Amino acid sequence: MLTACGEQPAATPPATSAQVPIRMAVAQAPVNLDPRVATDAASERVNRLLYRPLVDFDAQSRPVPALANWVSVDATHYRFTLLPKTTGTLRAFHDGRPLSAHDVVATYRSLMGMAASPRSAEFANIQRVDAVDDDTVLFQLKQPDADFPARLVVGILPAALIQAGHDFARAPVGSGPLRFVSWQGALTLERLADQQRIQISEVKDPTVRVLKLLRGEVDLLQGDLPPELLRYLQGRPGIRVQSAPGANFSYLGFNFNDPVLQDLRVRQAIAHGVDVAAIVRQALVPGSRVAGAVLPPEHWAGNAGLAAYAYDPARALALLREAGVPLPLKLVYKTSTDAQRVRLATILQAQLKPAGIALEIRSLDWGTFFEDIKQGQFQLYGLTWVGLRTPEIYRLAFHSDSVPPRGANRGRYADPVLDGMISAADWPAVTQRLHAQLPYLPLWYEGQFAAMRTGLVEYSLRSDGHWDGLATINNLVLPALPAD
């Protein structure tokens, strides 16, 4: 047997940043990667990266072209023209299929016929949608709607896969800046521009997430940390913290099928029993602020004149006595098992006690909790709306036709006066009515932050908490090469 004297093994090629995954740890993993039905925050954030919609929004929450330009042909007809490839817009799906007007038509027709989609009510005004040619789509509406383009933010799916009944929820195929690779434990995505891989893993406990970042087991955290852990990270070597004012809306929801909570005086008592300003100061991250309405005051359809209900436990007690309810009023508040959400629930419980309200906290795993909320199995609950851009949220969350699964009116609120205001798109009147009737108790807009290893750069932090920065983030620190 002959051997080559002195032959050395081939050198290992140096690793590139794209070959080294950027690892992100989140409090709650995505639930459903089908953009037609996903409603949880993590799924919405990932779907923005996997799919492209016809329309997106600028910094003032005004609609701008994403995949298509549009014109209003008349009051009930809108023509959308897909942007040409020369503009830099991707016109192909991740499986190589070209993206055409026929895919747009198939996506919206499937939404219109999908009874289980919480988005179906948003498109009930569409009479028909047709492809004029490969690049042009015509939407015909039942009634005029000047805000119609702003509704077309659902990611476009391949028509052939829709027809085949493909499982987009677990195997997404879109045309966004990141493509799906695998979902075995961690969700692995790959950026089309440079093949940089991103791994998103669920780590429920915030302390464990922080320890994993400090030990180098993950590279990036965004949101879902209590203030004390964020302050701790700000002083650690090798860690960089970014922060920004927030726009995501946290609220307390009421069940209008509950005879006690149907009484406005009871809801007003709860509103006067919560010291929101104290919670913002003491228990939330920088950039958080008290909310007076669903959309923030700087939004074009916001209402800066609405102030939060004043903290007044004596007034709350008087309202409860006026309503004739037994004191203390016993109510059950449902939340997730996330440590910060449980902590906030405990603060609410303590604040409401002097107001004559005994709050029982039930913390459930996310899947059970969210299913209970959708099914109306609650008295009170706390959630956060993320990424709100249009006043369509008022129809989705409060119109009497939007009870799940047709929408997100989870409290089963029914108000013909409000329905009429929503149909007329009279947003100042809508916000005033909601402020007076309290189907939600507005709490705060959560500040935004991200904590990452100092080797990560070009991560843009958004006020709505979306993870769009994953489309641009880069890793300047490469791993050491293996020893010879």
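The values are calculated or read from the model by the stated rules, or taken from the named source; none is laboratory data. Note that the structure is predicted; figures quoted are calculated from it, not measured. Every residue, glycine among them, receives a Cβ derived from its backbone with ideal geometry; neighbour counts consider all protein chains shown. Side chains included, ligands, DNA and RNA excluded: accessible areas come from the protein's heavy atoms. Shrake-Rupley method; radii C 1.70, N 1.55, O 1.52, S 1.80 Å.
Under 14 Å from a label point 7 Å along Cα→Cβ of Q437: give me every residue in region 366-408 with its amide N that close. Under 14 Å, as judged by backbone N against the label point of Q437, lie 394-403 of region 366-408. Summed over the residues of the chain and divided among them, the accessible surface reaches 43 Å² per residue at a probe radius of 1.4 Å.
A Förster distance of 51 Å, applied to the separation of the beta-carbon atoms of A358 and Q184, puts the FRET efficiency at 0.70. Shown are F370, F180, whose ranking by accessible area with a 1.4 Å probe and every protein chain present, most to least, is F180, F370.
Does a label point 7 Å from the Cα of D95, set along Cα-to-beta-carbon, have any residues of region 104-130 with amide nitrogen under 19 Å, and which are they? Taking a point 7 Å out along Cα→Cβ of D95, the residues of region 104-130 whose backbone N falls under 19 Å are 104-111. Between region 280-310 and region 177-253, what is the C-alpha centre distance in whole Å? About 25 Å separates the Cα centre of region 280-310 from the one of region 177-253. Helical content alone sets the calculated 222 nm signal of the chain at -7000 deg cm²/dmol, taking -39,500 (n - 2.57) per DSSP H segment of four or more residues and averaging over every residue.
Ordering 460-469, 150-159, 346-355 by mean Cβ neighbour count within 10 Å, with the highest value first, yields 150-159, 460-469, 346-355. Along the charge dipole of the chain, Cβ charges K/R +1 and D/E -1, which of Q340, L83, S120 sits furthest on the positive end? Value computed over the given set: Q340.
Y309 contributes about 50 Å² of solvent-accessible surface, heavy atoms of the protein only, 1.4 Å probe. Exposed loop sites here are GluC sites (Glu not before Pro) assigned a DSSP state other than H, G, I, E or B and surrounded by at most 11 other beta carbons within 10 Å; excluding them, the longest clear run of the chain is 8-457. Assuming charge only on the beta carbon of Lys and Arg (+1) and of Asp and Glu (-1), the dipole of region 172-283 about its Cα centre is about 280 debye to the nearest 20. Here is the list for region 163-222: trypsin sites (Lys or Arg not before Pro) lying in DSSP coil, each with at most 12 other C-beta atoms within 10 angstrom of its C-beta, are R170, R215. Ignoring lysines fewer than eight residues from K204 along the same chain, the ones with Cα atoms less than 23 angstrom from its Cα are K212, K334, K374. If you take the Cα centroid of region 318-370 and the Cα centroid of region 442-463, the two points sit 29 Å apart. Using a simple spin-label model with pseudo-atoms 7 Å out from Cα toward Cβ, A429 and E458 lie 5.0 nm apart. Could you work out what % of the accessible surface of region 216-349 is carbon and sulfur, using a 1.4 angstrom probe and leaving DNA, RNA and ligands out of the count? Accessible surface attributable to carbon and sulfur in region 216-349 totals 53 percent.
Couplings 3J(HN,Hα) of region 343-352, computed from phi: 4, 5, 4, 5, 5, 4, 4, 5, 5, 6 Hz, in residue order, whole Hz [Karplus 6.51 cos²θ - 1.76 cosθ + 1.60, θ = phi - 60°; x for Gly and Pro].
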